[in-house]
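Structure record follows, encoded as structure tokens.
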Amino acid sequence: MKYISTRSSAKEFNFSEVFIKGLSDDGGLYVPKSLKKYSTEELLELKNLNYNELSTEIINLFSADFISRKELSSLIKKSYSTFREKDVVKISNLGELKLLELFHGPTLAFKDIAMQFIGNLYEYYLSKNDRKINIIVATSGDTGAAAIDAIKGKSNLNIFVLHPNNKISSVQRKIMTTVEEKNVFNIAIDGNFDDCQNIVKQMFSDLEFSKSINMSGVNSINWARIIAQAVYYFYSYFKLDKETISFSVPTGNFGDVFAGYLAKKMGLPIDKLIVATNENDILHRAISKGDYVSKEVRETISPSMDIQLASNFERLIYYINNSDSEITADIMKKIKQNSYQIEKNNLEMIQKDFLSESCNEKETLDIIKKNYEENNMILDPHTAVGVGAANKLSFNDCVVLSTAHPCKFPDATNNAINTHEKLPEELQHVLYKEENFKVLKNNTEEVKNFVKSKV
Ligand SMILES: *Cc1c(COP(=O)(O)O)cnc(C)c1O
């Protein structure tokens, strides 16, 4: 499979470049040149596969020129052997809704599903290429932990994680900062997540710097993450055995819900994808009214969604504009100037596949309370936003992606219901261990210097 950038179709890339670089040199995101579309009969053949087999089937469509099917299959098996659920994910009932529990990996959020896979993909790449790679990643709380767990202790790899200082939950932070392996570096930036993401983008676009350290990115724009996430949309469709299916997806960077859109483009009969946001509702305003204008980031109890500039939205812009990279590049310029209103015909295209809703803080707490009382289930605040959005849209028959384990957000659940879930036994130690992170100013040069001093 060949890939191009959303901002220029002139140059083609193969999977290993797409995976190692994450972001194209022209600032665009990688997309495949063409997509497989499954027929109904072909889908039927996938129906009885277990999670690992299904992952192999789908990911292999995108990565065959890089890794053989057989090696991919054993890589996937190894990646998901770290999960507490035999089938990786689990579907449970929440009243009439279904919850797709994606948080049974080592760091208790859905990010593990793609990241465990990616960690082993790096190892595979390095077994064939004599290099040393430095991964730099910005996190709104969960990506960092998942990436660290996937990379820690692996040879010829360092990982630097930028998180917004004091703006993630303490459990989120501790899972990252109590890791002892020498190839892990935590940096707390005095700023918000968008600032962290900006610094990483600037480091990437300084080609001299990024090439000199073999910089690599695992942010949610990384195509390898998207394809690993597309798998669970297929999996739930087969498990629930329905004609069509809809999903409500707690959304920040638009990565997870984009994976659902990809599954739909590949022929999965998805009716609607609900983009569920917290008070940082740019995507809700965009999808409901075409108003794609960012505001100040607000801190909420669902910090992993405290994002105003959803990087993966560029891929949707590309697809709804008939895969036209010139138009996409133009629109991205407008977005950079914060002056983008989605045109009517584009908006209608988006609304064929997407609905959106936003939940404020009080609504989110109320959802946690209501579901604890009625269903005896503690929801993490991100999942609660997904449930709230489905409720507001009266979508009773839909699958809500449950993106984090509630024990990661004890303050939020204490606030809602005066109780919280305990960390699983194997993670209890993070509560008592010494933390290790460096606080730096919101300044790209300072971060570059820190990285240079460590590599
Ligand atoms: C990252 C994250 C999200 C948002 O996912 P995106 O792919 O950024 O849209 C939602 N919930 C949790 C718990 C997360 O960690």
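Here are the numbers:
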| read-out | value |
| --- | --- |
| Kirkwood-based shape ratio for the stretch 317-446, expressed as Rg/Rh from alpha carbons | 1.11 |
| Estimated FRET transfer efficiency when R0 is 45 angstrom, pair Lys392-Asp130 (beta carbons, to 0.05) | 0.25 |
| Point-to-point label distance, Val455-Asp366, nm (Cα→Cβ direction, 7 Å offset) | 5.0 |
| Ranked packing of 213-225, 371-383, 282-294, most packed first, by mean Cβ within 10 Å | 213-225, 371-383, 282-294 |
| Sulfur and carbon atoms: percent of accessible area, the chain [1.4 Å] | 44 |
| Estimated inter-spin distance, Val439 and Ser81, nm [label 7 Å along Cα→Cβ] | 4.2 |
| Simple label model, 7 Å out from Cα along Cβ direction - Glu348 to Arg298, nm | 3.3 |
| Mean separation of Cα contacts under 8 Å, 6 or more apart, over the residue count of the stretch 111-194: relative contact order % | 31 |
| Shape of the stretch 195-307, Cα gyration tensor, a/c cut at 1.5 | oblate |
| Theoretical FRET efficiency, 1/(1+(r/R0)^6), r = Cβ-Cβ of Asn93 and Lys37, R0 35 Å, to 0.05 | 0.65 |
| Rel. contact order, % - alpha carbon contacts under 8 angstrom, at least six apart, the stretch 1-110 | 19 |
| Sequence-distant lysines (8 or more away, or on other chains) whose Cα lies within less than 16 Å of Lys152 | Lys78, Lys111, Lys132, Lys174, Lys182, Lys454 |
| Descending principal axes extents, the chain, alpha-carbon based, whole Å | 54, 50, 47 |
| Per residue accessible area of the chain, 1.4 Å probe, in Å² | 40 |
| Calculated FRET value between Leu207 and Glu425, using beta carbons and R₀ = 60 Å, to 0.05 | 0.85 |
| Gap separating the Cα centres of the stretch 235-249 and the stretch 267-321, nearest whole Å | 22 |
| Relative contact order for the stretch 317-433, counting Cα pairs under 8 Å that sit 6 or more residues apart, in percent | 19 |
| The chain: calculated mean residue ellipticity at 222 nm from DSSP helix runs of at least 4, using -39500 (n - 2.57) | -13500 deg cm²/dmol |
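The values are calculated or read from the model by the stated rules, or taken from the named source; none is laboratory data. Fair warning: this is a prediction, and the values are worked out from it, not measured in the lab. Methodologically, a virtual Cβ is constructed for each residue, glycine included, from the backbone with ideal geometry; neighbour enumeration extends over all protein chains shown. These area figures cover heavy atoms from the full protein model, side chains too; ligands, DNA and RNA do not enter into them. Shrake-Rupley method; radii C 1.70, N 1.55, O 1.52, S 1.80 Å.
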